[in-house]
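Have a look at the structure below before the remarks.
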2 protein chains.
Amino acid sequence: MTPTIADIAHEASVSQSTVSNLLNGRVNRMRPETRERITRAMEKLDYRPSRVARQLRTGNASIVGLVVPSVANPFWGSWARVVEAEALQHGYQLFLCNSERDAAREREYIEQMWSRGLRSVILATSLPDLGHLRPVIDRGLQLIAFDREPQPDDPNGVVNVSIDNELGGYLAAKHCIDLGHRDIGFISGVIATISRRRRFAGYRRALKEAGIPFREELLWADAGDGYGDVDSTQLGTRGALTLLSLNKPPTALVTVNDMYAIGACAAIRSLGYNVPEVSVVGFDDIVLASLYNPPLTTMRQPVQEMAKFAVGAILNHAEGDDTQSRQRVMAPELVVRDSTAPPNSWKKRNDHVPS
Amino acid sequence: MTPTIADIAHEASVSQSTVSNLLNGRVNRMRPETRERITRAMEKLDYRPSRVARQLRTGNASIVGLVVPSVANPFWGSWARVVEAEALQHGYQLFLCNSERDAAREREYIEQMWSRGLRSVILATSLPDLGHLRPVIDRGLQLIAFDREPQPDDPNGVVNVSIDNELGGYLAAKHCIDLGHRDIGFISGVIATISRRRRFAGYRRALKEAGIPFREELLWADAGDGYGDVDSTQLGTRGALTLLSLNKPPTALVTVNDMYAIGACAAIRSLGYNVPEVSVVGFDDIVLASLYNPPLTTMRQPVQEMAKFAVGAILNHAEGDDTQSRQRVMAPELVVRDSTAPPNSWKKRNDHVPS
DNA sequence: CTGTTAGCGCCTTCAT
DNA sequence: ATGAAGGCGCTAACAG
């Protein structure tokens, strides 16, 4: 049915090895004339080598796995695209899965990948504990953890790539403080991930530095039934509604990603205010952030560079080069746009607030 | 290193075939005691069957391929997630690629998939001509085309799933007309895809039906260097800027997807107007559409049902059931929100337009 | 320069 | 109830 290497060997009246040699670039081992004959045979039969067989034989899949929380969140979508481009450039394909931030699914997927012969996967998890993956890692899986700073009890050999989340949280909050805000809310899902935990830590540091006491009630870290990225906009909405109904509501909201921020903006409007009246800062700088109304102030992640590093680590690993750094922390960048402003305007209208 | 079936056969003092039998559910062919021993051996060695080997032997990968223009567009991101969920539910994994709407990449990817043993792929293309895929299809690849109504000279056996795009374009334009608009722009990338072509046709039908002559200049279908979905927001922006600088500018804009619509909204604001002053209708109803400011009027695609149908077709095909329908056209649904309004407000301010 | 050979890990008749 | 053997399509020594 589908032609195999044997078919074309036959067609070209040579042995399989010669065909294989051609296939693998060992061209100099045959005379041009033979080569020519083989090439023609391949064309005639429209031959495509079976990667499955090849992989079984060589053990090499040249596929990199990528597990993200959910490509429904545009940030993960772009991240996936960037990684794909980077991988492609080096002859790798991408195998993409959505974990929904569920440890069980993460594990399931990664073991699937392993059993399909993938030996390197980039995992966008921020779960503090990588214990559930230790079995596969011990077997030899190369794990590149994204969006997650290294932890003391991580399994050996894990490579980490992320921004400095603490700094991100700090800069976001500091920006609001510099603008004159004193009551700054922090909206997050459950703070079960390292990145969120650290962003929150940065936020607190900024407050402390400015001598602003932390008000517990200004932290919204409610659960919801899950904390997938699908409904992060909804969480942003709920968070903002909750915080703005406090007796002494915040005048600025720091959120944990742009989807939350957008949800929060919608909530603010639903309360009858416009956005810079209550300031909002997002995180990630997704494409839509700059096109939102008003354009979102946010923390940009250097996605390109991170993808380059992640894929680079895989390449080095594949080449047996183990001298590479096991970790990379990049700097987030504050992008100031119109969703943040001094607190005055809000205060002016403060008495209109529906009770 | 990694344990194979032989290792565990040895460990359990049975033959490989017995282990294999257990692996494949032929449990009744061995006495419980044997089975028990094998199970323990597998646990002890933490055995995972190699899917690669299995696939080479059986020819079955249980992976469905999915090719979309770009997961950076949230619509494709959600679509991918929905398909993944549906596939997963039936024991299939998803192999995801971004084509950037480039025929060469489409082809390249699909052949890669074929050579990896995938036998069914869902392709979100709208290219009118599927000729570049004929070779693989003839080999036996099952192709599910998404977002693309069937064409007369399609290769045999192609399954098509899409909404009625003509109807979508019609409803979008009709909505504007009903609101009182007479000058309605149509913003698209290059209209090289069937879906866009048909949406445009629907738009024209609505005009005609209302007795409004079509003004060529109100169609913006400029090229740009590519028409990937990455920069569709930019195209939306450019389109809106162009149309609004006409002598007799449109009072409403029908766009080809929500990303374009959002780009168009940004353009409108940059000209000093607010959005319902110039009405905008999007397409797709991505999550962010309802959270945009103002919330976007748009055409919703029944993503769930379409995914169900697409994956269902694959399942039936795998079971040799060939009695299934080869095509499904679903109805889009107009979702009216605040980005559309009667034309008055715009006209009122019309003389303020920067020249 | 080209062919022979021995697997990669698993599944599946066909015997026993 | 279990085992032996052949082969899926390809690669990589090793011979010739």
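Taking the condition of being in contact with a Lys or Arg (Cβ under 8 Å, 6 or more places away or on another chain) and surrounded by fewer than 20 Cβ atoms within 10 Å (Cβ to Cβ), how many residues in the stretch A:88-116 meet it?
Final tally of qualifying residues: 3.
Can you tell me how many residues in the stretch B:65-78 are part of a helix (DSSP H, G or I) and either within 16 Å of DNA strand C (Cβ to nearest atom) or more than 9 Å from chain A (Cβ to nearest Cβ) (or both)?
1
Quick one: in the stretch A:1-27, which of the residues that are more than 8 Å from DNA strand C (Cβ to nearest atom), in contact (Cβ under 8 Å) with a residue 24 or more places away in the chain and hydrophobic (A, V, I, L, M, F, W, C) is farthest from A:Tyr47 (Cα to Cα)?
A:Ala12
Just the residues that are more than 9 Å from chain B (Cβ to nearest Cβ), of a type in the set (A, V, I, L, M, F, W, C) and touching a residue at least 40 places away in the same chain (Cβ under 8 Å), please, taken from the stretch A:80-112.
Of everything in the stretch A:80-112, those that are more than 9 Å from chain B (Cβ to nearest Cβ), of a type in the set (A, V, I, L, M, F, W, C) and touching a residue at least 40 places away in the same chain (Cβ under 8 Å) turn out to be A:Val83, A:Ala87, A:Ile110.
Give the residues of the stretch A:276-298 that are more than 17 Å from the chain's Cα centre (by Cα) and among the hydroxyl-bearing types (Ser, Thr, Tyr), sorted by residue number.
A:Ser279, A:Ser290, A:Tyr292, A:Thr297
Quick check on my filter: what residues within the stretch A:9-22 are more than 8 Å from DNA strand D (Cβ to nearest atom) and surrounded by 13 or more Cβ atoms within 10 Å (Cβ to Cβ)?
A:Ala9, A:His10, A:Glu11, A:Ala12, A:Val14, A:Thr18, A:Leu22
Looking at the structure I just gave you, is A:Tyr109 assigned to a loop (DSSP other than H, G, I, E, B) and of a type in the set (Ser, Thr, Tyr)?
Judged against the criteria, A:Tyr109 is not a match.
Can you tell me which residue in the stretch B:23-64 is surrounded by the fewest Cβ atoms within 10 Å (Cβ to Cβ), limited to those that are touching a Leu at 6+ places or on another chain (Cβ under 9 Å), within 11 Å of chain A (Cβ to nearest Cβ) and not in a helix (DSSP H, G or I)?
B:Pro49
Would you say A:His132 is over 15 Å from B:Thr2 (Cβ atoms), more than 19 Å from the chain's Cα centre (by Cα) and in contact (Cβ under 8 Å) with a residue 60 or more places away in the chain?
No; evaluated as a whole, the condition is false for this residue.
Quick check on the stretch B:256-279: of everything there that is under 21 Å from B:Glu216 (Cβ atoms) and within 13 Å of another protein chain (Cβ to nearest Cβ), which residue is surrounded by the fewest Cβ atoms within 10 Å (Cβ to Cβ)?
My answer is B:Ala267.
Go through (1) of a type in the set (D, E, K, R); (2) away from DNA strand C (no atom under 14 Å from the Cβ); (3) on the phi < 0 side of the Ramachandran plot one by one and return the number of the condition A:Asp46 breaks.
In the conditions (1) of a type in the set (D, E, K, R); (2) away from DNA strand C (no atom under 14 Å from the Cβ); (3) on the phi < 0 side of the Ramachandran plot, A:Asp46 misses (3) alone.
Is it the case that the stretch A:117-129 has a residue that's of a type in the set (A, V, I, L, M, F, W, C), within 9 Å of chain B (Cβ to nearest Cβ), closer than 24 Å to A:Leu315 by Cβ and more than 16 Å from DNA strand C (Cβ to nearest atom)?
Scanning the stretch A:117-129, I find no residue that is of a type in the set (A, V, I, L, M, F, W, C), within 9 Å of chain B (Cβ to nearest Cβ), closer than 24 Å to A:Leu315 by Cβ and more than 16 Å from DNA strand C (Cβ to nearest atom), so the answer is no.
Which numbered condition in (1) at pLDDT 95 or above; (2) more than 30 Å from B:Ala53 (Cβ to Cβ) is the only one that A:Ile122 fails?
Only one criterion in (1) at pLDDT 95 or above; (2) more than 30 Å from B:Ala53 (Cβ to Cβ) is unmet by A:Ile122, namely (2).
Take A:Phe186 and decide whether it is in a strand (DSSP E or B), under 30 Å from A:Asp153 (Cβ atoms) and in contact with a strand residue (DSSP E or B) (Cβ under 8 Å, 6 or more places away or on another chain).
Working: in a strand (DSSP E or B): yes; under 30 Å from A:Asp153 (Cβ atoms): yes; in contact with a strand residue (DSSP E or B) (Cβ under 8 Å, 6 or more places away or on another chain): yes.
Considered against the rule, which asks whether it is in a strand (DSSP E or B), under 30 Å from A:Asp153 (Cβ atoms) and in contact with a strand residue (DSSP E or B) (Cβ under 8 Å, 6 or more places away or on another chain), A:Phe186 comes out as yes.
Looking only at the stretch A:152-184, filter to residues that are of a type in the set (A, V, I, L, M) and over 30 Å from A:Pro342 (Cα atoms); which one of those is surrounded by the fewest Cβ atoms within 10 Å (Cβ to Cβ)?
So, considering only residues that are of a type in the set (A, V, I, L, M) and over 30 Å from A:Pro342 (Cα atoms), the one surrounded by the fewest Cβ atoms within 10 Å (Cβ to Cβ) is A:Val158.
Looking only at the stretch B:28-55, count every residue that is in contact (Cβ under 8 Å) with a residue 12 or more places away in the chain and near DNA strand D (Cβ under 10 Å from one of its atoms) and tell me the total.
6
Which residue, of A:Arg199, A:Arg182, A:Arg205, A:Arg215, is out of contact with any Asp or Glu (no Cβ under 6 Å at 6 or more places or on another chain), at pLDDT 90 or above and closer than 22 Å to A:Ala124 by Cβ?
A:Arg199
Just wondering, is there one or more residues in the stretch A:219-239 that are under 23 Å from A:Glu106 (Cα atoms), within 16 Å of the chain's Cα centre (by Cα) and either more than 14 Å from chain B (Cβ to nearest Cβ) or aliphatic (A, V, I, L, M) (or both)?
So far as the stretch A:219-239 goes, yes, one or more of its residues are under 23 Å from A:Glu106 (Cα atoms), within 16 Å of the chain's Cα centre (by Cα) and either more than 14 Å from chain B (Cβ to nearest Cβ) or aliphatic (A, V, I, L, M) (or both).
The values are calculated or read from the model by the stated rules, or taken from the named source; none is laboratory data. Just so you know, these numbers come straight off a predicted model, no measurement behind them. Heads up, the Cβs are rebuilt from the backbone with ideal geometry, glycines too, and the neighbour counts pull from every protein chain shown.
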